[in-house]
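Remarks on the structure that follows.
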Amino acid sequence: MNAILSEPAKIIDATPPEDRVPARTKIAYGLGGSIDMWGHWLYPNLAYPVFQIFLGVSPQLVGFALMVIRIVDALSDPFFGWLSDNTRSRFGRRRPYILVGGLLAGIGLPLLFFVTPGWGSTHHNFLIHWDLDFGLFRWNLDWRNLEISKYFWWMLSSSLVYIPFVSCFNMPYQSLGNELTPDYHERTSVMTFKMVIQKFFEVAFFIGLPFTNLAMFTIVATGKQNVLLGVQIFCGILGVLMAINGLLVFFNVKERYYAGVAARKQEKVTLKESIYETMKCQPFRLKMFAGLCFSIGSSMVGSLGYYATVYYVAGGDTKSGNNWNGVMGAAWMIGGFIGPPVLASICRRIGKRPSMLLACGIGFAVYGATWFLYTPALPWLQVLSSGSMAFIAASYYMLDQTIGADIMDYDELNTGKRREGAFSACGSWMNKAGNAFGYFLSGQVLGLTGFSADKVAQSPETIFWIRAMLAGIPIAGVCLAAWFLWRFPLTQQKMAEIRIQLEARRGKV
């Protein structure tokens, strides 16, 4: 039963010394973001340039493969979240999986592109034929005597083997971040460190393709770049860094809440609780659906934004487009550096929910501006757009993670259990479902607009719709996210009251 407060809890903005997390621990924790970012999100960023443009797989198949991969990814997360919640070991609940998952994820990354040119196709007859007329679009889907590239099957099979490695690391890692401090503002500081450090790792999304432009990857016979070989070597380098960073997290970040969980002999969380009971938490549902909407929109930027740069701004010159993406990566890093500290400072003054609503409002303007900033007349304007989008995305996801820790305190008050793994897994599931739909939608948009990789110059109609969807879908996403966040109930005052009740029940941690 919850304790009844005789008067509202007093809000103390200063973080008590015992609740502060050392900077060394924050940095070590932040380094683990490389495994999350490169293990989960680098592959979708490189899949279209490698499998669609270089190897010739249709954009619809690439989009469909990425959707299936993310859905299966989302299904593996609840298992590892549930498993880590129930683990009792001398190293804690989270750290054993962080060690094993980090090493395997680093080893497996370059194997995702372990293919060679000339694999050919397989033929299938699914007896499906749709001819859909949308007015502006007409979609002819003919799966009779369908020819499917063998690369498509490799995308599916290799990713389905690799996905559990990343989930093994990431679910305990995300859960660990929610356990580092019970302080309302210090949680924001931890996630700010994480998001700023993560910007270093996100630059890989932009320098990967320029890396393939090095002279060592030029095919002598054709004069074109061997994008596949360049990506294989690039991912090999990143895989080594992932394994090292996983070790650094394991040895430098401890579990603050584990001693209390073990001492109280908390009952093990069932798999049903990891999914069904977690979804019954009303603040969590609001956070989750807001994140879903934001993710659908932001996932369109990485895929459609690449095509807008190459085929509109660069006029179909892939080498020039890839170089521009490298410059945009630098802008993305700068915007991502600036965003979290700025929003964290604002958050300390006005609270987490108002700060997230502010981020959504700025996002509305930033995504709408892509219509004007992606232009061949002034190509450098897209660099400004990239930095602005990074500012918003990094700020939003930082705040999204810090309210997650507050939700887990709310849940402990109501259930008596610490279930960080369950919440991390369900939140990850919804985020990835949003990205899966976004990747699928981006592939279908390319097909619906009449995009053809065989053409250097795309039609004006194709360019128009790529630009329209690049702006319109993210705008719709941030508007829906703001609607859910408006109803989020956990204010700073409410969290101060919850902490008092929790500490009266089970003591301080």
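What follows draws every value from the coordinates through simple rules; no lab data is involved. Because the structure is predicted, anything quoted here is derived from the model rather than measured. Counting neighbours? That spans all protein chains shown, and the Cβs are built from the backbone with ideal geometry, glycine included.
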Gyration tensor verdict on the range 388-437 (Cα atoms; rounded if a/c is under 1.5, prolate if a/b is larger than b/c, oblate otherwise): oblate
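Note down the net charge around residue 301, summing +1 for each Lys or Arg and -1 for each Asp or Glu among other residues with Cβ under 13 Å from its Cβ.
Counting the neighbours of residue 301, the net charge comes to 0.
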So residue 378 and residue 89, fully extended at 0.36 nm per residue minus their Cα-Cα distance, gain in nm 98.2 nm
Amide H neighbours of residue 225 at under 5 Å, excluding residues fewer than 5 places away on the same chain, with H built from the backbone geometry, are 219
For the range 318-335, in residue order, the Karplus 3J(HN,Hα) values (coefficients 6.51, -1.76, 1.60; θ = phi - 60°; whole Hz; Gly and Pro = x) are 5, 5, 5, x, 5, 5, 4, 5, x, 5, 5, x, 5, 5, 4, 5, 5, x
Calculated from backbone phi, Karplus (6.51, -1.76, 1.60) coupling profile of the range 395-403 in Hz, x at Gly/Pro: 5, 5, 5, 5, 5, 4, 6, 6, 6
Using each residue's phi in the range 210-226, evaluate 6.51 cos²θ - 1.76 cosθ + 1.60 at θ = phi - 60° and report the 3J(HN,Hα) Karplus result to the nearest Hz, with x for Gly and Pro. x, 4, 6, 7, 4, 4, 5, 9, 6, 7, 4, 5, 10, x, 8, 8, 7
Quick one: 446, 286, 357, fewest Cβ neighbours within 10 Å first, how do they rank? 357, 286, 446
Can you give the local net charge around residue 332? Use residues other than it whose beta-carbon is closer than 14 angstrom to its beta-carbon, Lys and Arg +1, Asp and Glu -1. 0
DSSP-assigned coil residues among trypsin sites (Lys or Arg not before Pro) in the range 445-507, each with at most 16 further Cβ atoms within 10 Å: 455, 487
